[in-house]
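Every read-out reported here was derived from the displayed coordinates using simple, explicitly stated rules and does not represent laboratory data. What you see is a predicted model; the values in this text were computed from it and never measured. Reconstructed Cβ throughout: ideal geometry from the backbone, glycine too, with neighbour counts over all protein chains shown.
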Ligand code: ES4
Ligand code: ZN
C-alpha cells in the first residue's frame, strides 16, 4: 500500500545488474532466430522451466547458454535498451551495469562489438529516458588471471567507456587473491574496483577483496554476518554492499526471504543497497526486490526505504557534485 508505493516511486540507483542477466526468454528466442543460433530448449516456456536453481553454478550454466545468442552490436544494444526501459519504469535514475566480455570474446565476438552496442544503449537511455549510467567490466573468476589480463588489454582501446572493473562468476575455489596483479594494474589505470564476495564464499573472501584487491564496494557480501568483527570493519569503512535479495533466495543462499539478513546489515549501520543482479532469471527487477523484501520482513519500514535509496546514490561512482544533488 503506502510503503509499497514509496518503494516503487522513490528515485534510486542500481549498482548490481549483470546486463546479460537482463535477457528475458522472449528476447533470447528472438535473437536466436535473428542470428540462426540453435538453443537446447524448444521454446520460451521450456527455457523458463529450467530456471529452478539449486546454487550459483546451476544458474551460471543457464546464464552462459542464454548469452550465446548475442553476436552483433545491435544485439547488445537491444538487450541493454530493454533493461533501461524497465529500470526507468522502476524510477532508477542511475545504473552501473556489469558486463562479462569473456563470455562473448570466447565465442569470437569482438570486444568493440560488445562495448559499442552497450555504449549506444547507455547514450540512448540518457537522451530518451534521462537515466544516467556507467559500465563495469567484469572478469570471470573461474578463468585464469592471465585471461583477465588479456581481456583488460583488449578493452584498453575502449578505456573511456567503462568506469571500473569487477569480479564475478563461480566464487567458491576462486578467491579474490587469484586476481591480485590484474586488479593492481586496473587501480594504476584509475579504474574503480569492485568484486563479488561473500555471496556463496566465506567471510575470508570479503576480507581478501578489501585487503588484496582494495575494492571500493563489495557485491553481495551478505555472509559478512558470520563474522561480527568483519561487520564492524565494513561499517567503520562505510564500505557499500550491493545486496540482491531475490538472487539470494533463488540461488538458495537463504531458504526464504523472511530469513534474509538485510535488516541485520542495516541495523549494524552498513551501507547496504538493494539491487536486481540477474532480473530476467531471479523473478524481477529492482522494485520487485524492494517490494518482496519489505513484504517478507515487517521490521523494515519507511526509514529503511529512504536509507537504502540514499545509500545507493552515496555508493555510486558518479562525481561528488552529482551525488550532492541526489542525496
Ligand atoms: C552472477 Cl548472481 C552472480 N554471482 C556471480 N556471478 C554472476 N554473474 C552473473 N550473475
Ligand atoms: Zn552479481
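What to note about this one:
- Ranked packing of 193-203, 120-130, most packed first, by mean Cβ within 10 Å: 193-203, 120-130
- FRET efficiency for residue 256 and residue 107, using Cβ-Cβ distance with R0 set to 45 Å, rounded to 0.05: 0.75
- Rounded to the nearest 500, the helix-only mean residue ellipticity at 222 nm of the chain stands at -14000 deg cm²/dmol, with each DSSP H run of n ≥ 4 adding -39,500 (n - 2.57).
- Using the Cβ-Cβ distance between residue 229 and residue 185 with R0 = 51 Å, the FRET efficiency computed as 1/(1 + (r/R0)^6) comes to roughly 0.95.
- Distance from segment 63-92 to segment 228-242 (C-alpha centre basis), Å: 32 Å
- Highest mean first, the peptides 149-156, 23-30 sorted by other C-beta atoms within 10 Å per residue fall in the order 23-30, 149-156.
- Computed E for residue 127/residue 156 - FRET, C-beta separation, R0 25 angstrom, nearest 0.05: 0.40
- Gain on full stretching of the segment that runs from residue 318 to residue 49 - 0.36 nm per residue minus C-alpha separation: 93.0 nm
- A rounded overall shape is assigned to the chain, the ratio a/c of its alpha-carbon gyration tensor axes (a ≥ b ≥ c) being less than 1.5.
- Taking other Cβ atoms within 10 Å as a rough exposure proxy, 14, 259, 216 sort from fewest to most as 259, 216, 14.
- Stretching residue 267 away from residue 30 to a fully extended chain increases their span by 80.8 nm, per 0.36 nm per residue minus the current alpha-carbon distance.
- Burial ranking of peptide ranges 38-50, 64-76 (average Cβ count within 10 Å, highest at the top): 64-76, 38-50
- Gyration tensor verdict on segment 45-137 (Cα atoms; rounded if a/c is under 1.5, prolate if a/b is larger than b/c, oblate otherwise): oblate
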